[in-house]
Amino acid sequence: MGGKEPVETAAGQELACWSLWRRLKNEFPVWSFMPSWFYSPGAYGYLGVDFLSGFRKNASTRRAFALLEGVEDKTFDAVAALAALNARRQEQMLRAVIVCYLTVPVSVTALVAEIVGDDLGTFVRENTVNCLGLALTLALGPLSYLVSTWRSRQIVGVLDLIKIERSVAD
């Protein structure tokens with residue numbers, strides 16, 4: 001993972017959109033999601049009716065604008081298509097992870113509770129720390145995919161802003 005390898009066409013050359021895509025996605029790291037709740041203008045913009053002005057002022061948004069400034073329309077459209085495809089794939093994976101990580105353990109727990117009854121409650125009380133650790137571990141999978149999906153949708157939103165401003169500038 002990480003995607004540093006070139007994506008080659010049949011002619012053996014990397015298309016410009018792939019290099020731009022890699023640079024663009026690096027402006028929206030998943031690790032910075034939580035800290036950005038406390039310092040980004042976009043986070044403060046989730047109060048009131050205008051969710052765009054703060055989003056436009058985010059440092060990552062400004063860097064994306066700078067990165068894509070002067071990029072020809074065809075290449076920009078290809079990067080926007082890559083971002084949209086990535087967002088759709090992220091959402092597919094999030095749904096699969098939610099189904100697998102959340103419904104399967106809950107179903108198994110309900111089945112075990114039905115079969116062994118009070119013994120499950122006794123087991124959980126005797127192993128509270130381990131059970132909480134398991135529950136938190138199971139919750140981290142869906143949460144990480146949720147944050148990743150949020151970031152992928154954020155990239156699409158930034159590209160929409162750029163597209164809007166490019167169309168007005170023309």
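Listed by first and then second residue, the pairs linking a residue in the range 146-170 that is closer than 22 Å to Ser32 by Cα to a residue that is among the charged types (D, E, K, R) and assigned to a helix (DSSP H, G or I), with Cβ atoms under 7 Å apart and 6 or more places separating them unless they lie on different chains, are Thr149/Glu91; Ile155/Lys25; Leu161/Arg56. Among the residues of the range 127-145, those that are among the polar types (S, T, N, Q) and closer than 19 Å to Met34 by Cα comprise Thr137, Ser144. Within the range 29-40, is even one residue open to solvent by 100 Å² or more (accessible area, probe 1.4 Å) and hydroxyl-bearing (Ser, Thr, Tyr)? Within the range 29-40, one or more residues are open to solvent by 100 Å² or more (accessible area, probe 1.4 Å) and hydroxyl-bearing (Ser, Thr, Tyr).
Here Leu47 fits the description: outside any helix (DSSP H, G or I), more than 27 Å from Leu138 (Cβ to Cβ) and free of Cβ contacts under 8 Å to residues at least 24 places away in the same chain. Only residues that are touching a residue at least 40 places away in the same chain (Cβ under 8 Å) and either aliphatic (A, V, I, L, M) or outside any helix (DSSP H, G or I) (or both): list them for the range 100-117, please. Result: Leu102, single match.
For the subset of the range 116-170 comprising residues that are within 26 Å of Asn86 (Cβ to Cβ) and among the aromatic types (Phe, Trp, Tyr), which member is least open to solvent (accessible area, probe 1.4 Å)? So, considering only residues that are within 26 Å of Asn86 (Cβ to Cβ) and among the aromatic types (Phe, Trp, Tyr), the one least open to solvent (accessible area, probe 1.4 Å) is Tyr145.
If the condition is being without any contact (Cβ under 8 Å) to a residue 12 or more places away in the chain and either within 18 Å of Leu143 (Cβ to Cβ) or hydrophobic (A, V, I, L, M, F, W, C) (or both), then the range 82-99 contributes Leu85, Gln92, Arg95, Ala96, Val99. Determine whether Ala80 is modelled with pLDDT of 95 or more and crowded, with 17+ Cβ neighbours inside 10 Å. Against the criterion (modelled with pLDDT of 95 or more and crowded, with 17+ Cβ neighbours inside 10 Å), Ala80 qualifies.
Exactly one condition in (1) at pLDDT below 90; (2) over 22 Å from Leu143 (Cβ atoms); (3) assigned to a helix (DSSP H, G or I) is not met by Pro35; state its number. For Pro35, the exception is condition (2).
Residues in the range 50-69 that are open to solvent by less than 20 Å² (accessible area, probe 1.4 Å) and either over 26 Å from Ser167 (Cβ atoms) or not in a loop (DSSP other than H, G, I, E, B) (or both): Gly54, Ser60, Thr61, Ala64, Leu68.
The values are calculated or read from the model by the stated rules, or taken from the named source; none is laboratory data. Predicted, not measured: the structure shown is a model, and the values here were computed from it. For neighbour counting, all protein chains shown are included, and Cβ atoms are generated from backbone atoms with ideal geometry for every residue, glycine included. Ligands, DNA and RNA are stripped out before the accessible areas are found, and what is left, the full protein with its side chains, is counted by its heavy atoms. Shrake-Rupley method; radii C 1.70, N 1.55, O 1.52, S 1.80 Å.
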